[in-house]
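One structure is given here, and the rest of the page talks about it.
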Amino acid sequence: MLFRSGSARTKNLVLATWVSAINFWAWNMIGPLSTTYAGDIRLSSTQASMLVATPILVGSLGRIVIGSLTDRWGGRVMFIAVSLASIPPVLAVGAAATAGSYPLLLVSGFFLGIAGTVFAVGIPFVNSWHEPARRGFATGVFGMGMVGTALSAFFTPSSATWFGLMGTHVIVAVALALTAVLCVATMRDAPA
């Protein structure tokens, strides 16, 4: 296996970590707002739990499919695809919350699970860019992208207060779109 220059590896590692953080932020948007939804829509604790668990379950199980697609089409294509595919569910969750529709929130949350599959894209992508002796470090750096869940927990409720529910979802959707554009413009395929 041919390993390319350190600058290309570093750039792709940083970008992959960023993609992960933004997608994990999107994936975790329902959790921090679940008390808001529960109060606004008058959800029972079981309904609120289902709402929070749905994207997490789908994202976890979806990693099997997305990992297989990553093997076939490569990490760059799949980072772009997952980021773009996560935009409609993010906006749908915002619209469902604004409309006060629990069924629509649940269905939108199901598709929001797509954002959580990004982990299955990043691990093989990052590994393919690094020699075996550096893969542990590289995957550890990529794993830092999971900070997106913490950022979501910290900033999403405040953003909802400042910009409203729909405004917050639009901001995250725009961040996903800009991230996909950044991947198209600067990310390189893994070395052959």
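Key figures
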read-out: Cleavage-rule hits (chymotrypsin sites (Phe, Trp or Tyr not before Pro)) in the range 1-87: DSSP loop, at most 14 neighbouring Cβ within 10 angstrom; value: 3
read-out: Choice from 139, 117, 149 showing the highest fluctuation, given a GNM over the chain with Cα pairs closer than 10 Å; value: 139
read-out: Among 81, 96, 133: highest mean-square fluctuation, GNM of the chain, C-alpha pairs under 10 Å; value: 133
read-out: Accessible-area composition of the range 4-156, carbon plus sulfur, in percent [1.4 Å probe]; value: 71 percent
read-out: Taking the C-alpha atoms of the range 1-137, convex hull volume expressed per residue in Å³; value: 105 Å³
read-out: DSSP loop trypsin sites (Lys or Arg not before Pro) with at most 15 other Cβ within 10 Å: longest gap in the chain; value: 43-187
read-out: Residue-normalised accessible area of the chain, expressed per residue, 1.4 Å probe, Å²; value: 46 Å²
read-out: Candidates 182, 84, 13, ranked by Gaussian network fluctuation over the chain, Cα under 10 Å, top entry; value: 182
read-out: Sites residue 95 and residue 154, calculated FRET efficiency, Cβ-Cβ separation with R0 35 Å, nearest 0.05; value: 0.90
read-out: Rounded Å value of the spacing that divides the Cα centres of the range 116-135 and the range 10-24; value: 11 Å
read-out: Residue-span extension gain [residue 42 to residue 189] - 0.36 nm each, minus C-alpha spacing; value: 48.2 nm
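The values are calculated or read from the model by the stated rules, or taken from the named source; none is laboratory data. Treat the numbers as computed from the prediction; the structure is a model and nothing was measured. FYI the Cβ positions are ideal-geometry reconstructions off the backbone, even for glycines, and counts take in every protein chain you see. We work out accessible area using only protein heavy atoms, side chains counted, and drop any ligands, DNA or RNA first. Shrake-Rupley method; radii C 1.70, N 1.55, O 1.52, S 1.80 Å.
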